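Below is one structure, written out as structure tokens; the observations come after it.
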Amino acid sequence: MTGYRFNGGRVLPCEDETVIDRGCVVVEADRIAWVGDADAVPQEFMANGYEEVDTTGFTVMPGLVDGHMHISFGEAESEEELSIYTPAEYRAIRASVDAEKALLAGVTSSCDPGGPYSVAIAVRDAIEAGLVQGPRMACAGRQITTQQGISDGFPSWIGVPESSFGALVRNRDELLQEIRNEVKDGVNVIKIAGSGNSSDEYASFRLEELELAVDESHRLGRPVTIHARSRQSVEYAARAGVDWIMHASYMDEPTLEMVLEKDIPLLPAMTLLVNTLEANRANLSPPMRDRFKRELDAAAAILSEAHRNGATLIGGSESGFAMTPYGEWHAREMELFVDLLGMTHFEALLSMTRNSAITLPQHAEQIGTLTRGKYADLLVVEGKPDQDVTILQDRASIHTIVKAGSPVSPWRPALPRMKHPFEKTHVYTPQVYRFEERAGSSDSYAALISTL
């Protein structure tokens, strides 16, 4: 067989907001050979060697590109679980299973902006070798941080363990050496932890340090992305010329003007904030709840302004935490772009297809749109996601997933996720036992001892 004709349905090439009401996408091997009106298919593609797939009543669109997915995080519930527990070998095997969950949710390409060891790189290579099934991936190494960055989350007497997702650098020489080591180890992207996780004004690196990091990374042919929540960290990121900025929650208007002038894309990753607030209404402490809500409000205000002024926004789910498990929340960021940032549904769809292709630098020109010569990554969807992007959160609405010209189906049974003791923190007991509780208990000590 030569290839496929996906024929008769609505086609969204996602190069812009064009809709082909009755279209056809022709696939040859792993590439798109032709896209256009179903009545205008060239005769060369009408031969018997092409299997016709009737997509009448469906929408054909590019596969999703999740610009922010941590495949090695294992749906972590705590900093200790993420950075200390679980050996690297097990993490890699677990991550290869989790990668399939993302693919089966319609994510045909993804960027992993940093994680422990070289787990993401191993999974990327295993996918490319056909050993496991998952999205096409780009990977950073450990997130490069100072003591004020997100990746140094433990007390000073513990520091940043080798098993952490961060790499602590203490001076310019260590900064350069870490970048060179990561490039040697095969990263596609350099990730900088430019701020902490709060509204603290300061950046984790001085401007001249960040400029050095960007210069060295670009010299070695690697783009730089940065975790930057604080205003100063976004300002320094823009001045240093990073390739895209994640979060930018507390950016102010003068800093936004600089970002717009330099045409630096923004990747908000608001899904984790919203899910945490939504799922933990009763359990979050008031200060923690206020912190998340304050950031969400700030991000919605400045990023909606960014959108109105023509900024490029990228969709990324930050899947990998307990609040963003794999295979379930990848498409929600697009809904938030509509509800919180004022995007149309089609604009939101472009953010997680065309716009997010930049996060896979080695494949950026070959993914994200249905364009002749690009990888044949496409979804056949029930409904019109260009008019209601929330459709893509319902796995049942995604009728067919094609990656590199091959239809995707599960390789293993969909088993419930079980967490084991070696993956989590070691909990002695779940509560503090107060004297008053014993005094008010009807269970006597003698009765308890008799049962042991």
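Points to keep in mind about this one:
- A cut-off under 12 angstrom between Cβ atoms defines the neighbours of Gln366, and their net charge, with Lys, Arg +1 and Asp, Glu -1, is +1.
- Spacing of the modelled spin labels on Asp173 and Leu207, each 7 Å from Cα toward Cβ, amounts to 2.7 nm.
- Taking other residues whose beta carbon is less than 13 angstrom from the beta carbon of Thr56, and scoring Lys, Arg as +1 and Asp, Glu as -1, yields -1.
- Sparse-neighbour loop sites [GluC sites (Glu not before Pro); region 190-274; at most 15 other C-beta within 10 Å; DSSP]: Glu201
- Antiparallel DSSP beta bridges within the chain, percent to nearest 5: 40
- For Thr400, residues with placed amide H under 5 Å, excluding near neighbours: Val380
- In this simple spin-label approximation, Gln387 and Gln431 carry label points 7 Å from Cα along the Cα→Cβ vector, and these lie 5.3 nm apart.
- For the residue pairs Lys101/Lys191; Lys293/Lys403; Lys293/Lys419; Lys184/Lys403, alpha carbon separations beyond 27 Å are given by Lys293/Lys403; Lys293/Lys419; Lys184/Lys403.
- When Rg and the Kirkwood radius Rh are both evaluated on Cα atoms of the chain, their ratio Rg/Rh stands at 1.02.
- Contour excess over end-to-end distance, with Cα ends at Asn197 and Glu15 and 0.36 nm allotted per residue: 62.1 nm
- Region 365-432 versus region 178-216: alpha-carbon centroid distance in Å: 29
- Spin-label model, Ala47 to Asn283: label points 7 Å out along the Cα-to-beta-carbon direction sit 5.9 nm apart.
- Per-peptide packing, taken as the mean over residues of other Cβ atoms within 10 Å, places 355-365, 102-112, 79-89 in the sequence 102-112, 355-365, 79-89 from highest down.
- Evaluated at q = 0.14, 0.23 Å⁻¹: base-10 log I(q)/I(0), Debye formula over Cα of region 137-207: -0.42, -1.05
- Protection proxy ranking, peptides 113-123, 64-74, 143-153, average beta carbon neighbours within 10 Å, highest first: 64-74, 113-123, 143-153
- Simple rule: put +1 on each Lys or Arg Cβ and -1 on each Asp or Glu Cβ in the chain, find the dipole, and look at Val41, Ile264, Val65; the Cα lying farthest toward the positive end is Val65.
- Between amide H atoms placed 1.01 Å from N, distances below 5 Å from Gln148 occur with no residue 5 or more places distant or on a separate chain.
- Counting only alpha carbon atoms, the long axis of helix 253-262 and the longest principal axis of the chain meet at about 40°.
Every number in this text was worked out from the coordinates using simple rules, so none of it is lab data. Quick caveat, the model's predicted, so the values are computed rather than measured. Cβ coordinates were reconstructed from backbone atoms using ideal geometry, including for glycine residues, and neighbour counts include every protein chain displayed.
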